[in-house]
Amino acid sequence: NSLSTGNTQTISIGSGAHAGTGKSTITIGSTTNDSSLTLQGGSTGNVSITPAASGLINIGGTSQTGQIKLGQSTMSNTVSIGDGTIAAGGVGQVYIARNSTSTGRTEVTIGSTNAGSKVRIRGGTSADSGLIEVGDVSQTGPISVGISTSSNTINVGAAGISTGNTQTINVGTGVHSGTGKSDLTIGSTSNASKLTLQAGTGNIVLDAVAST
């Protein structure tokens, strides 16, 4: 029913306080044929799904083949995932496309190719926890950064460092065990490709264990 101005209608379904091991199991909607379910809030209201502190929220079925969309507005808007403020000493873990079994695989696309679109991947600010890792410890496939075939610029450590600070960039500097080794190639022999190594007053140092 339509409520008159200033009034509030409260509807509770299965909200009783149960004793002992009592519980409520609630099903809303049908999986039959073209059945649909719409949950909506007002222009300034919210839609909240809130389980108990240790409860689980599942979106999507285990045999679902259709799409799941989070945030499909065509207007300026913000979609936040894992955006809560973590209490001191706590750790918030956010997984995206983490699980594949048997010969199944996961393909993940983050970001848009539309002009002006941006992707930011950030770590913390402390020296011990501000870590961004690319690749797994047991990965055997290639990691490619910059695969465009058009004119483009790839910057690694290109930010201007403020006075008194030092930026350290390591490439292939791991300490290997047994007969493990690193083979590094910098630059291309194709056409008019060129390579520039430059340094400030700190010089360029070439150092090798062997003489050849």
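The values are calculated or read from the model by the stated rules, or taken from the named source; none is laboratory data. These numbers were taken from a predicted model, which means no experiment stands behind them. When we count neighbours, we look across all protein chains shown, and the Cβ atoms used for this are built from the backbone with ideal geometry, even at glycine. Heavy atoms of the whole protein, side chains included, go into the accessibility calculation; ligands, DNA and RNA do not. Shrake-Rupley method; radii C 1.70, N 1.55, O 1.52, S 1.80 Å.
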- line: The residue from Ile147, Ile169, Ile110 that alone is under 30 Å from Gly92 (Cα atoms) and either under 21 Å from the mean Cα position of the chain (by Cα) or not in a loop (DSSP other than H, G, I, E, B) (or both) is Ile110
query: What are the residues in the stretch 197-207 that are within 21 Å of Thr173 (Cβ to Cβ) and either touching a residue at least 60 places away in the same chain (Cβ under 8 Å) or open to solvent by 70 Å² or more (accessible area, probe 1.4 Å) (or both), if any?
result: Leu197, Gln198, Asn203, Ile204, Val205, Leu206, Asp207
message: Of all residues being among the hydrophobic types (A, V, I, L, M, F, W, C) and under 37 Å from the mean Cα position of the chain (by Cα) in the stretch 12-26, which is nearest to Ser63 (Cα to Cα)? Just the residue, please.
response: Ile26
- request: Consider Ile147 carefully, then state whether it is within 30 Å of Thr113 (Cα to Cα), among the aliphatic types (A, V, I, L, M) and loosely packed, with under 10 Cβ neighbours inside 10 Å.
  value: yes
task: Restrict the check to the stretch 76-96 and report whether at least one residue is of a type in the set (S, T, N, Q), more than 28 Å from Asp136 (Cβ to Cβ), part of a loop (DSSP other than H, G, I, E, B) and more than 18 Å from the chain's Cα centre (by Cα).
output: yes
Number of the condition not met by Gly123 [criteria: (1) surrounded by fewer than 10 Cβ atoms within 10 Å (Cβ to Cβ); (2) at pLDDT below 90]: (1)
message: Taking the conditions exactly as written (under 31 Å from the mean Cα position of the chain (by Cα) and either assigned to a loop (DSSP other than H, G, I, E, B) or under 30 Å from Gly124 (Cβ atoms) (or both)), does Gly29 satisfy them or not?
response: no
query: For the stretch 10-30, what are the residues that are open to solvent by 100 Å² or more (accessible area, probe 1.4 Å) and either more than 21 Å from Leu70 (Cβ to Cβ) or touching a Cys at 6+ places or on another chain (Cβ under 8 Å) (or both)?
result: Thr10, Ile11, Ile13, Ala17, Thr21, Lys23, Thr25, Thr27
- request: Show the residue pairs that are 6+ apart or on different chains and have beta-carbon atoms under 6 Å apart, the first residue being within the stretch 96-110 and within 15 Å of Ile59 (Cα to Cα), the second being modelled with pLDDT of 80 or more and assigned to a loop (DSSP other than H, G, I, E, B).
  value: Ala97/Thr106; Ala97/Val108
query: Any idea which of (1) closer than 23 Å to Leu70 by Cα; (2) open to solvent by 90 Å² or more (accessible area, probe 1.4 Å); (3) among the β-branched types (Val, Ile, Thr) is the one Val47 doesn't satisfy?
result: (2)
query: With respect to Gly82, is the statement that it is touching a residue at least 12 places away in the same chain (Cβ under 8 Å) and surrounded by 10 or more Cβ atoms within 10 Å (Cβ to Cβ) true?
result: yes
Which listed residue, of Gly135, Gly164, is open to solvent by less than 70 Å² (accessible area, probe 1.4 Å) and not polar (S, T, N, Q): Gly135
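In the stretch 57-70, what count of residues is obtained for those that are under 30 Å from Gln9 (Cβ atoms) and open to solvent by 90 Å² or more (accessible area, probe 1.4 Å)? Let's see the steps before the verdict.
Filtering the stretch 57-70 down to residues under 30 Å from Gln9 (Cβ atoms) leaves 57-59, 69-70.
With open to solvent by 90 Å² or more (accessible area, probe 1.4 Å) added as a condition, the list becomes 58-59, 69-70.
The number of residues fulfilling the criteria is 4.
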